[in-house]
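The values are calculated or read from the model by the stated rules, or taken from the named source; none is laboratory data. All values reported here derive from a predicted model rather than from experimental measurement. Glycine also receives a Cβ, built like all others from the backbone with ideal geometry; neighbour counts cover every protein chain displayed. Keep in mind that these areas ignore ligands, DNA and RNA; they rest on the heavy atoms of the full protein, side chains included. Shrake-Rupley method; radii C 1.70, N 1.55, O 1.52, S 1.80 Å.
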Amino acid sequence: MSAFNAAKLRADFPIMKRLVRGKPLAYLDNAATTQKPRQVIQSLVDFYEKHNANVHRGVHTLSEESTGMAEATRTKLAVFVGAPKPETLIFTRNATESINLVAHAWGRKFLKAGDMVLSTEMEHHSNLVPWQLLAAERGIKLKFVPVEPDGTLDLAKVKALLAESPKLFTFTALSNAIGTVNPVAELIKLGRAAGATIHVDACQWAPHRPIDLKTWGADFVSFSAHKMLGPTGVGVLWGREELLAAMDPFLGGGDMISRVTLEKSSWNELPYKFEAGTPNFADQVAFGPALDYLTSVGLENISAHEHALAAKARAILEAEGITILGPQDSAKRSGVVSFNVPGVHPHDVGTTFDLEGVAVRVGHHCCQPLMNKLQCGGTVRASFYLYNDESDLESFARALKRTLEFFKVKPKAGVL
Amino acid sequence: MALGTEGDAELQDLYREVLLDYFRSGARKGKCDPADLRAHGINPVCGDELEITAELKDGTVAKLRYAGHGCVISQASAAMMAEALEGVDIPKAKALVAAFKKLMLENGAVSDLPPELEPLASLEGVRKFPLRVKCATLGWNTILQGFEANKP
């Protein structure tokens, strides 16, 4: 394992030189989106300057080049996540679209009134609302594994709900809001044993931890390039080949057909059946160097680094008497630290942090049901990534001190 | 690094003492029951919810209350709104809402504020934080919805 050097990696990210409100940027909003290394930015510039042409259409040189480059990312991604075949990876606009694709193309075909879909109370709205829409349209029952007070799922409760034979079990691998790492392999195993089709929302997992689709044994997995150093506008859906083959298309249009008459059309092969219209090929191309970057640094190294930073951030907060949401057990936590400063609204904390150049996310993190469950309207969330270092922790500590002083709160003294 | 006066001044410019006083006082926080006007506002950015209730008498806002959980900016702004609009007839109240929104959304001059809105000048600093402007206008947009729904 090569030595991990965050300072050296940081130099690859041009935005890290930026000042925010006169202070060096401390970017701790990585669960929302990550920054991009020069390699990714440069590949976008190169593509537009040297290769740009629509894919799968022309026989001219540029079209051949752009098609090859966009497909090379799919091949690279297949290796990155252990997909059995590149064509089982579908490019969408974002993970939300990936999940909607499953809801429409699989759900509408294979779920009927009275069928049950099982999810959890810790889902991002993107893995909740598509199922609510489908439930309203098709009379499907939605049930949710409750979140325990420590932010984890109780496997006994999972098993009890799976005993009701849901047709689909859809859950997040890792909570974006409070950083709980779910026992993904175990949940998949339990779900499969109960005969459910499994969808895993891996948006917060894929940037930090290795995915081995063959070992996981899920049916659908979704994630997004922009949370893993890649450009915006590229989501991914992996699907089990036989399911993808049995599904009808999601969107209709160019690229997804093989033969079209005025009366009807037949569908293109995988993955193009699910990629209607001109795809976001330039950003797909630029996702390639992001994957290379992650591979060269090593996901295990990234995970260990951010875990260490998150632990230090927790210590800074705990020293001030501030409670952190989510599991106490560090092994069940990711690089996300979610907290509340007693008596100070998350927005007011967020603005004060911003004045110190510290970018944190505040609010409900698109997880309103979870916030309701944990009885807080919102939280402040710091989330770490490979380019964060001690300087970011120093800014974080300064911002926290400033918040406590300005708003005159002393959580340590038990003043709530 | 110790906090410099510059840092304090920066926060004080946003969170002016007047604002913090309104936030902490809790004046006009609560609900009118029964209410002639009731409106519910949500700030989609943070999910904060605000309920505005009012008693109307002879076309005048006789009593105005705000309820809900929120940041200093949204709560103080709602408290100042409740104070400013009480005792004012509805057309005038709408004009005051428009004047405040002009200050926040169109970079209006503080000197153009009607005298009834004098304390609202303390929200001037919020304009440097565009995402927070939604906090400041939440109560005002909510009562506008209430006036719309309450049309005779």
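For this structure, a couple of remarks:
- Selection from the range A:148-171 of residues that are buried (at least 23 other Cβ atoms within 10 Å of the Cβ) and within 22 Å of the chain's Cα centre (by Cα): A:Gly151, A:Leu168, A:Phe169, A:Thr170, A:Phe171
- Residue in the range A:300-316 that is in contact with a helix residue (DSSP H, G or I) (Cβ under 8 Å, 6 or more places away or on another chain), of a type outside the set (Val, Ile, Thr), surrounded by fewer than 18 Cβ atoms within 10 Å (Cβ to Cβ) and not in a helix (DSSP H, G or I) present: no
- In the set A:Thr232, A:Thr215, only one residue is in contact (Cβ under 8 Å) with a residue 12 or more places away in the chain, surrounded by fewer than 24 Cβ atoms within 10 Å (Cβ to Cβ) and over 19 Å from A:Cys366 (Cβ atoms); that residue is A:Thr215.
- 3 or more residues free of Cβ contacts under 8 Å to residues at least 24 places away in the same chain: qualifying helices (runs of 4 or more DSSP H) within the range B:43-152: B:90-105
- In the range B:30-42, the residues that are free of Cβ contacts under 8 Å to residues at least 60 places away in the same chain and crowded, with 16+ Cβ neighbours inside 10 Å: B:Cys32, B:Ala35
- A:Leu62 vs. criteria surrounded by 21 or more Cβ atoms within 10 Å (Cβ to Cβ) and either assigned by TED's automatic domain parsing to the domain that holds A:Gly288 or touching a helix residue (DSSP H, G or I) at 6+ places or on another chain (Cβ under 8 Å) (or both): no
To keep it simple, each residue is scored yes or no on (1) away from every other protein chain (no Cβ under 13 Å); (2) closer than 12 Å to A:Ile322 by Cβ; (3) acidic (Asp, Glu); (4) open to solvent by 20 Å² or more (accessible area, probe 1.4 Å).
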| position | (1), (2), (3), (4) |
| --- | --- |
| A:Lys373 | yes, no, no, yes |
| A:Tyr385 | yes, no, no, no |
| A:Glu390 | yes, no, yes, yes |
| A:Glu394 | no, no, yes, yes |
| A:Val409 | no, yes, no, yes |
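- Among the residues of the range A:98-138, just one is within 24 Å of the chain's Cα centre (by Cα), open to solvent by less than 20 Å² (accessible area, probe 1.4 Å) and charged (D, E, K, R), namely A:Glu123.
- Top-ranked residue in the range B:66-87 [being open to solvent by less than 10 Å² (accessible area, probe 1.4 Å) and farther than 19 Å from B:Val133 by Cβ; ranked as nearest to the other protein chains (Cβ to nearest Cβ)]: B:Ala82
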